[in-house]
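Inspection log for the structure reproduced underneath, given as structure tokens.
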Amino acid sequence: MQKTDGLFLKCCREVAKKYPEITYEEVVIDNCCMMLVKNPTLFDVLVMPNLNGDIISDLCAGEGGIALVEAVHGSAPDIVGKNMANPTALLLSGVMMLRHLKLLDKAERIHDAIISVIAQGNHRTADLGGTATTTDFAKAICDRL
């Protein structure tokens, strides 16, 4: 975990430097859980590796008033790095987050683009019966926007 969490933190720190107007804070997972139980309004957004996300999502599922947005899926180690994953769950989770934030017009534009690309059928990933890569699928959605 030290190596993977270390890489994750390194990447977060690099991205945070590009957006100094956004408060960036690192919190150890057990302390984060306590803070969420005591006062969930301390956080606007939480970004974390998969294992910590599983812990936090389980905790938040039992807490009222907390919006939880995540793309639920398995790790799919057999397709890692092959550019063949279907990003629909991740994208629709983003749509749910935008709806929660009352950014309905943006949510509907993205949702409609996703549905349109899938319905058209030319850019479906293998799990949907197509041959498109993750990149092809995502680009087709972006082109619809």
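A short reminder: the numbers here are calculations on the coordinates, not readings from a lab. Being a predicted model, the structure only gives us computed values, none of them experimental. In this analysis, Cβ positions are derived from the backbone assuming ideal geometry, glycine residues included, and neighbour counts consider all displayed protein chains.
With helices as the sole contributors, the chain gives -17500 deg cm²/dmol at 222 nm; each DSSP H run of n ≥ 4 counts as -39500 (n - 2.57), and the sum is divided by every residue.
Computed about the Cα centre, the dipole magnitude for the chain is approximately 400 debye when only Lys and Arg (+1) and Asp and Glu (-1) carry charge, each at its Cβ. Quick one: among 82, 18, 38, which has the greatest mean-square fluctuation in a GNM of the chain with alpha-carbon springs under 10 angstrom? Most flexible of the set in this elastic network: 18. Modelled spin-label separation between residue 12 and residue 82, with each label point placed 7 Å from Cα along the Cα-to-Cβ direction: 3.0 nm. Evaluating 6.51 cos²θ - 1.76 cosθ + 1.60 at θ = phi - 60° for every residue in the stretch 4-11, the Karplus couplings come out as 6, 5, x, 5, 4, 5, 4, 5 Hz, glycine and proline recorded as x.
Residues considered: 37, 15, 95. Largest GNM mean-square fluctuation over the chain, using C-alpha springs under 10 Å, is found at 15. A DSSP coil position with no more than 11 other Cβ atoms inside 10 Å describes the following trypsin sites (Lys or Arg not before Pro) in the stretch 100-144: 102. Here semi-axes √(5λ) of the Cα gyration tensor in Å was calculated from the structure, and among [x] 27, 19, 17; [y] 39, 26, 12; [z] 30, 19, 16 it sits at label [z]. Applying 1/(1 + (r/R0)^6) with r as the Cβ-Cβ distance of residue 27 and residue 97 and R0 = 25 angstrom yields a FRET efficiency of 0.75.
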